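Taking it in order: structure first as structure tokens, then the write-up.
None of the figures in this text is laboratory data; all of them are computed from the coordinates on show. Since the model is a prediction, treat every value here as computed from it, not as a measurement. As a convention, Cβ positions derive from the backbone with ideal geometry for all residues, glycine included, and neighbour counts pool all protein chains shown.
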Amino acid sequence: MSPHFLADEDLRFEIVLATRRLEPTLEFKTVVEQGLAGVEDSAVLEHAKAHGFIVVSHDVNTMKAMAEKRIRDGSGIAGLFLVPQSRSTRPIAESLLAIWAASEANEWADRIVYLPL
């Protein structure tokens, strides 16, 4: 199954829009759309794992730390893609599209990756 993505609350929405425009059939939800606005990182990661979403976030501090903790304690994550705030939108959207087109969701389990590739 192709990966599908969940934008953390801090992710620039233009990244979500650009990715959706590049490939309308790609599933890229937001925490707001999933009813998770304002929840803690642990709850976002738990929801994402339960529903098979790879989380995409600008939060290289607390989200990364929580993902590392879940991996260490065996709870696991479906995957976490971290995006530096300074990166342009298009390379991020293109990286997500390439990942979607060329990999399976399970390849990203318990992995933390910086984008763009």
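Give the residue list of GluC sites (Glu not before Pro) in the range 11-91 that are DSSP loop and have at most 13 other beta-carbon atoms within 10 angstrom.
33, 40
How far is it, in nm, from the label point at residue 97 to the one at residue 69 when both lie 7 Å from their Cα along the line to the Cβ?
My value for the distance between the label points is 3.7 nm.
Residue 88 label point, 7 Å along Cα→Cβ, cut-off 19 Å on backbone N: hits in the range 1-30?
12-23
Taking the chain as the reference, fit the longest principal axis to its C-alpha atoms, fit the long axis of helix 41-51 to the helix C-alpha atoms, and give the angle between the two in degrees, 0 to 90, nearest 10.
Helix 41-51 sits roughly 70 degrees off the main axis of the chain.
If amide hydrogens are placed 1.01 Å from N in the peptide plane, which non-local residues have theirs closer than 5 Å to the one on residue 54?
4, 5, 6
With n ≥ 4 as the cut-off for DSSP H runs, can you work out [θ] at 222 nm for the chain, using -39500 (n - 2.57) per run divided by the number of residues, rounded to the nearest 500?
-12000 deg cm²/dmol
Pairing the Cα long axis of helix 62-72 with the longest principal axis of the chain, what angle in degrees results, from 0 to 90 and rounded to the nearest 10?
Compared with the principal axis, the helix lies near 60 degrees.
Once the Cα atoms of helix 13-22 and of the chain are each reduced to a long axis, what angle between those two axes, in degrees from 0 to 90 to the nearest 10, is obtained?
The angle comes out at about 50 degrees.
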